[in-house]
Every structure is written in structure tokens, then in C-alpha cells.
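Input: a single structure, listed below in C-alpha cells.
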Amino acid sequence: MRTPTFNWVLWLLGLAALLALPWLVTSEYYINIASQIVIAAILALSLNLLIGFGGMISLGHAAYLGVSAYLAIYMTAHAGFGQLSGALIAIGSTTALAMLFGYLSLRASGLGFLMITLALGQILWGIAYRWASLTGGDNGLGGMKRPHPFGLDLTHPAIFYYFVLFFLGLALWCIARFIQSGLGQSLQGTRDQPRRMRALGYNVWLIQWLSFVFAGFWGAVAGLLYAYYHQFVSPQALHLTTSAETLLMVIAGGTGTLFGPVVGAALVVILKNVVSAYITRWLILLGAIFVAIVLFMPEGLLPGLAAWIHRLKECLHGDKKTTGVSAITKDRV
Amino acid sequence: MNFWIIQGLNGLAFGSLLFILASGFSLIFGLMRIVNLSHGAYFMLGAYVGLSAIEAGANFWVAILLGGIAICVLGTLIERFVLRRLNGQPLAQVLVTLGIAFIIADACVWIWTGDPRPVPMPAELTGAFRVAQLAFPIYRLFVIGVAFALAAALWFLLERSRLGAMIRAGVDDLAMARAMGIRTSLLFSAVFCLGSALAGAGGVLAGPILSVYPGLDTDMLPLALVVVILGGVGSLLGAFVGSLIIGFIYSYGQALFPDLAYVILFLPMVLVLTLRPTGLFGRQAI
């Protein structure tokens, strides 16, 4: 049975495994994949704030990743700013963009919110693609070097992995604190009962907007790390497929859980890398997974599998209990 | 002066294509509350089907018909066998249409390769129409004419026919329409079928102007979304006016500030969402 002590042991084991990873796998290729997973996990965590805890389904979350990455590379490699000031400008401006986008998107809720975030995100993609004199167009922007904060040599894969892992830990800690805070609790209130929250005197719009900006901030952090990792950014970082992949990470891991998106990010990044090694049809698979999840596992991949196993056990024991609450399909529109 | 007239006509032609796409999208969203994110993919697939029909020897008009019918059949199947299973779960429906859009887009690259392919223009509409020193492609005038005729036909269908009255009733209050004995299930299929057919035929019609290329779907879909956000949900007039606004902005923007054409698209969205979140002609917030 699961006791608190057992859970602690599990957490410690997981943490030890994450920390020991560069010693367990010596190949640089796998350490780099682990770094990719960690960066994707930060982005997925921030999107989960909106989807899981706020009930706001955004299809434009790549905006913060891409804009932050573009700004970081443009500022440091093309506009002559230093690493620190470039990073601060990237995160600050992207958060400011989240303020504007949050204001616009939250003029609607539910499906309208989804449409506006999608449209805004694709317009940004169009800008990155078409404004070639600034963004390099389809060729993207490159020329960035990884910084050397506190004398750390981030060009070394293992050190870079620890660097991004630190930010993942920070993100998890901040987001866990946020969820337990008054604001985070009232956000979950607005997700479940917006009208009651309004009637109780809460400023639903402000709660949702602040959470949106907070999520945008962490998206910007992920974008900065993305820029450090690839030292290159192309319009693909802003494309709808990137937003959809991030959404898949959140859904796959189970929405509204703290660690779900991390697991989802690992699943999606590994799957994408494995699949891309054999076939070039990642997009078809991505689409098929979306269709399959919605039709067969509306609770999300991990909770869905858990429910299936549970059901299987029930069949074996002849015991009937209904379980599983549909998380993504629960009607919040 | 000539510049403004020519670009205005170009904007009108692009707005016309957008209207053909966005009217179906808006009707589907207004009536069924389905954000059909496959709509851009339907448009692109329709264009590819039309292209293949022409390359197989069919003439342009048959190609338009085939593109429309193929996508209409596809859309109806998806509506009947996928979306209907998810009745009452709008978010699940959105995710499914997004997944289907990815599948269609990638399948198109698979079948028709990644190169942009222009759809040949019908011989009878090539050439330019000349007035004074102005020359304007006849085909674009034809597209503008088609969109205006379509707008009139849709207006007649919605405002003057029995089917239209049922659709309007469904848009305004679905539960009440159902209670009054309207068979909304059939209505849904009819509207989805119509919207899909318009997207498919519109894709073929757009082929000679825009060409067909991978990414046409994600180029057009957000524009259709912006049109609906501007014009208002389920409003035919809104879709019409919104399409023309975006068509003009896009056309003048690309001619005057080619780098910033997409930046300018933010402006109408910011204005409308700030001042009138229901859209210009919508009665309910999106």
C-alpha cells in the first residue's frame, strides 16, 4: 500500500535517478535528449497551469517559447547585448507579451479563448516566417553562444543538463507554491465554478489574467533555455505543432497534476526522437495520438492507462466500481 | 491611384477566398459549437484533389465539383462517426479536429510531395480585363463574383428558406429548437456537409491564385479564425465583412509593408476584442 513514507522513498529514488543520469548514461546523445525533456517539461508545466488548474485550453503556448528564444538570440547575437541583459530582456518582454495576449484572450472563455490563443500564436508564427530581415525567415536565427554563468561551462552536455534541471526544480517549486497559494486556490475555484466565484466577490478575470501571465513567464524561461540548448531558433518553435505537442504532453501526463506534465514531456520527446529515427511521418502520428486519446482515453494517457489496469483488475476480481473522471473532456465551456 | 485600385481588387479577391472558407467555419461553429480546426486542411486537401483531377484530364469546373464533393463526403463521415460520438464535449471535439488536421496535412505531403503546385487556370478565364490604363486578371474578378453570388445564395438560404430558419433557430437556442421538433441531428449533418463542401471547392478555386503547398492549411486556418473573431459567431454578414476587412488589410499590408503584413493583422483583433468582444455582428460573445 502507498504510505507517505513510501511516497517519500519514491520521490527520493526519482530525484537520485535524475541527478545520477549523466553517470548512468554516458552517451552525450542521451544526455542531450534528457536536457530536451527537461526544457519541454518546463513549458508543459506552465501550460498545465492554464489547462489543468485554470481550465483555460490554450493552443498558442508555443508563442512564449518562441518569442523568448527569438529575443534571447537576437539580443545577444545580433544586437550586441550581454548574456545577462539579453536573458532579462527576453524573459521580461515575453512576460509583457503574455500580459497583452492574456488581456486579449480572456475577453472570451472556453472555445473563444482557444480560438484567440490559436490565432495570436499563428500570427506570431507568420511574423517570424515573413519578417525575414529581422527574424531570418525560414532559415531562422542562429549565432548564439551558451553563457558561462558563475564559471559553469554550459557547452558540456552534463553540466548543461544540471543547469536546466535546476530550472525545472525551481519551476516545480514555484508552481507548487503557486497552486497552494490563495491565488492558485482561487484559480482552481474559477476553473470549477466561475459564476459562484464571481458571486463570492472574487475578481475572476484578474485571477485568470495573473495566472496567464505567470504561465507566460515560465514559458519564457523555457524559451530562454531552448535558445541556450539549440543556439538556434526557427519559426517551427512558434508553430501550431509545437503548441499541440506541448498540449499533448499535458494531456498525456494527466492534466491538473503537478508532475504529470514532466512525465508527459518525457513520453512525447522520447517518442518523437525514436519515431523520427525510423520514419519521417511524426505529424501523422501526433494527429493519430490526439484522435486516439480523445476517443479512447479522455482522462489522459497515464490516468487512462491506470484506469484500464484498474478495470482489468476489477474484471479479474469480479468487483464493479466506476472510476476515472474525464479531465480534458469535462465540460468547461 | 492605380496602385490603390489594383491592390483593392487584390484584397477583394483574397477576401472572397477567405469568405468561402470562413462562412462554412462560422456556420459550423455558430450552430454546432464545434471549432473545426480541420477546416484549413479541408481547404488544402480540396485544392490537391482538384489539382489531381485536372492533371488526370478533367476540366476546371469538374475539378471544383470533385474537390467539393470529396471534402463534403470526408467531412460528413468525420461528423457522423467521430464528432457525433463526442456530442456535448466541445473540447474533445476541438482536439479531434486538430488531430485530423495534422493527419490530413501530413498525408498531403506524402501523396503530393512538398513542392508548391499551381493549379492551372481555366482557359476561358485567363487574360486581363482592361479599363483605361488598368489591367486586372479576369480570374480574380471571377473569384470576387463567385464569392458575392455565394454570399447572396447563403443569405437567401439562411434568411428566406425553411432550412435557414431552422439553422437560425439552432444558432440562437439549440435546446429550444430541439424542443420545437427540429431534427437538429440532420441539421448538424447538413451544415457540416455544406461547410466542408465550401472549404473543398474553395480550395480548388483558390488554387490558381494561391497555388497549393504544404502549410496552406495553417496559413488559411488562423485567418478564418480571425475573420470569425472579427465578424462574430454564426453571423453570415460578420463573416462577409470580416473576410473583406482581412482581405484588404492583408493585400495592402503586403504591398506597402511586406515585412509587417502579419503584424498588422493584430490591429483589428486588438480593436474588436477590446471594444466589442462579441465581434462586429455577433449577438453572443465567442
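Exactly one residue out of A:70, A:74, A:64 is more than 11 Å from chain B (Cβ to nearest Cβ), part of a helix (DSSP H, G or I) and out of contact with any helix residue (DSSP H, G or I) (no Cβ under 7 Å at 6 or more places or on another chain): that is A:74.
Assuming residue A:159 fulfils every condition listed in (1) among the β-branched types (Val, Ile, Thr); (2) closer than 17 Å to residue A:49 by Cβ; (3) out of contact with any Lys or Arg (no Cβ under 6 Å at 6 or more places or on another chain) apart from one, which condition is it? If we test residue A:159 against (1) among the β-branched types (Val, Ile, Thr); (2) closer than 17 Å to residue A:49 by Cβ; (3) out of contact with any Lys or Arg (no Cβ under 6 Å at 6 or more places or on another chain), just (2) comes out false.
Among the residues of segment B:136-180, just one is free of Cβ contacts under 8 Å to residues at least 12 places away in the same chain and hydroxyl-bearing (Ser, Thr, Tyr), namely B:161.
The requirement of being closer than 25 Å to residue A:79 by Cβ, at pLDDT below 90 and part of a loop (DSSP other than H, G, I, E, B) is fulfilled somewhere in segment A:113-135, by at least one residue.
Could you say which residue among A:170, A:154 is away from chain B (no Cβ under 14 Å), without any contact (Cβ under 8 Å) to a residue 60 or more places away in the chain, aliphatic (A, V, I, L, M) and within 28 Å of residue A:34 (Cα to Cα)? Don't jump to the end; show me each part of the working.
On the way: A:154 fails: without any contact (Cβ under 8 Å) to a residue 60 or more places away in the chain.
So the residue among A:170, A:154 that is away from chain B (no Cβ under 14 Å), without any contact (Cβ under 8 Å) to a residue 60 or more places away in the chain, aliphatic (A, V, I, L, M) and within 28 Å of residue A:34 (Cα to Cα) is A:170.
Counting only residues that are surrounded by fewer than 18 Cβ atoms within 10 Å (Cβ to Cβ) and not small (Gly, Ala, Ser), segment A:58-80 holds 1 of them.
Of the residues in segment B:57-95, how many are small (Gly, Ala, Ser) and in contact with a Phe, Trp or Tyr (Cβ under 8 Å, 6 or more places away or on another chain)?
Taking segment B:57-95 first, the residues small (Gly, Ala, Ser) are B:57-58, B:63, B:67-68, B:70, B:75, B:88, B:92.
Cutting the leftovers down to in contact with a Phe, Trp or Tyr (Cβ under 8 Å, 6 or more places away or on another chain) gives us B:75.
Going through segment B:57-95 one residue at a time, the tally reaches 1.
Looking at residue B:267, is it buried (at least 23 other Cβ atoms within 10 Å of the Cβ) and either more than 10 Å from chain A (Cβ to nearest Cβ) or hydrophobic (A, V, I, L, M, F, W, C) (or both)?
Numbers: buried (at least 23 other Cβ atoms within 10 Å of the Cβ): no; either more than 10 Å from chain A (Cβ to nearest Cβ) or hydrophobic (A, V, I, L, M, F, W, C) (or both): yes.
No.
Segment B:36-137 holds no helices (runs of 4 or more DSSP H) entirely within its bounds that carry 2 or more residues that are over 29 Å from residue A:296 (Cβ atoms), within 14 Å of chain A (Cβ to nearest Cβ) and at pLDDT 95 or above.
Condition first: within 8 Å of chain A (Cβ to nearest Cβ) and part of a helix (DSSP H, G or I). Can you find one or more residues in segment B:271-285 that meet it? I'd like the intermediate steps shown before the answer.
First, the residues of segment B:271-285 that are within 8 Å of chain A (Cβ to nearest Cβ): B:273-274, B:277, B:285.
Retained after the next criterion (residues that are part of a helix (DSSP H, G or I)): B:273-274.
Within segment B:271-285, one or more residues are within 8 Å of chain A (Cβ to nearest Cβ) and part of a helix (DSSP H, G or I).
Every test in (1) at positive phi; (2) away from every other protein chain (no Cβ under 14 Å); (3) not charged (D, E, K, R) is passed by residue B:167 save one, and that test is (1). Would you say residue B:242 is more than 25 Å from residue B:64 (Cβ to Cβ) and more than 9 Å from chain A (Cβ to nearest Cβ)? When the stated conditions are applied, residue B:242 does not pass them. If you go through segment B:181-231 and pick out every residue that is more than 14 Å from chain A (Cβ to nearest Cβ), in contact (Cβ under 8 Å) with a residue 24 or more places away in the chain and hydrophobic (A, V, I, L, M, F, W, C), you end up with 17.
Within segment A:163-177, the set of residues being surrounded by fewer than 20 Cβ atoms within 10 Å (Cβ to Cβ) and either more than 16 Å from residue A:262 (Cβ to Cβ) or of a type in the set (D, E, K, R) (or both) comprises A:177 only. Residue A:303 falls short on exactly one of the conditions (1) more than 14 Å from chain B (Cβ to nearest Cβ); (2) at pLDDT below 75; (3) not in a helix (DSSP H, G or I), and that condition is (3). Only a single criterion out of (1) farther than 26 Å from residue A:215 by Cα; (2) within 14 Å of chain B (Cβ to nearest Cβ) is not satisfied by residue A:112, namely (1).
Conditions (1) in contact with a His (Cβ under 9 Å, 6 or more places away or on another chain); (2) at pLDDT below 90, marked per residue:
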| position | (1), (2) |
| --- | --- |
| B:208 | no, no |
| B:213 | no, no |
| B:217 | yes, no |
| B:221 | yes, no |
| B:224 | yes, no |
| B:229 | no, yes |
| B:255 | no, yes |
| B:261 | no, yes |
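Conditions tested, residue by residue: (1) within 18 Å of residue A:115 (Cβ to Cβ); (2) out of contact with any strand residue (DSSP E or B) (no Cβ under 8 Å at 6 or more places or on another chain); (3) touching a residue at least 24 places away in the same chain (Cβ under 8 Å); (4) not β-branched (Val, Ile, Thr).
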| site | (1), (2), (3), (4) |
| --- | --- |
| B:237 | no, yes, yes, yes |
| B:249 | no, yes, yes, no |
| B:258 | no, yes, no, yes |
| B:262 | yes, yes, no, yes |
| B:265 | yes, yes, yes, yes |
| B:268 | yes, yes, yes, yes |
| B:271 | yes, yes, no, yes |
| B:274 | yes, yes, no, no |
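Quick one: is residue A:225 under 15 Å from residue A:72 (Cα atoms) and either in contact (Cβ under 8 Å) with a residue 12 or more places away in the chain or surrounded by fewer than 23 Cβ atoms within 10 Å (Cβ to Cβ) (or both)? Taking the combined requirement at face value, the residue satisfies it.
The values are calculated or read from the model by the stated rules, or taken from the named source; none is laboratory data. In this text, all values refer to a predicted model and were calculated from it rather than measured experimentally. Please note: Cβ atoms are built from the backbone with ideal geometry, for glycine as well, and neighbour counts cover all protein chains shown.
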